[in-house]
Amino acid sequence: MVELKHFNIVVINGEEKEISSLSKEERQRLVDEWNRRALEHLGYKREKTA
């Protein structure tokens, strides 16, 4: 039986990196950015406050 492995790769500053190799802080920044982009795609806009 052949065992398949899945890799989650992101490109950061032109360099391919496996998500599991990122620090906790880097992964959180990535999640925050993806969530922001997804919400913008759905039509949500950030309300700027003072």
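Among the residues of the stretch 38-50, write down those that are in a helix (DSSP H, G or I) and surrounded by 10 or more Cβ atoms within 10 Å (Cβ to Cβ). Step through it out loud before you land on a result.
So in the stretch 38-50, the residues in a helix (DSSP H, G or I) come out as 38-41.
Selection gives 38, 39, 40.
Mind listing whichever residues of the stretch 13-35 are of a type outside the set (Asp, Glu) and either open to solvent by 80 Å² or more (accessible area, probe 1.4 Å) or part of a helix (DSSP H, G or I) (or both)?
13, 19, 20, 21, 24, 27, 28, 29, 30, 31, 34, 35
Taking the conditions exactly as written (in contact with a helix residue (DSSP H, G or I) (Cβ under 9 Å, 6 or more places away or on another chain) and at pLDDT 90 or above), does residue 30 satisfy them or not? Please lay out each step first, then the result.
Values: in contact with a helix residue (DSSP H, G or I) (Cβ under 9 Å, 6 or more places away or on another chain): yes; at pLDDT 90 or above: yes.
Yes.
The values are calculated or read from the model by the stated rules, or taken from the named source; none is laboratory data. All of these numbers come straight from a predicted model, not from anything done at the bench. Positions of Cβ are generated from backbone atoms using ideal geometry, with glycine treated the same way; all protein chains shown enter the neighbour counts. Keep in mind that these areas ignore ligands, DNA and RNA; they rest on the heavy atoms of the full protein, side chains included. Shrake-Rupley method; radii C 1.70, N 1.55, O 1.52, S 1.80 Å.
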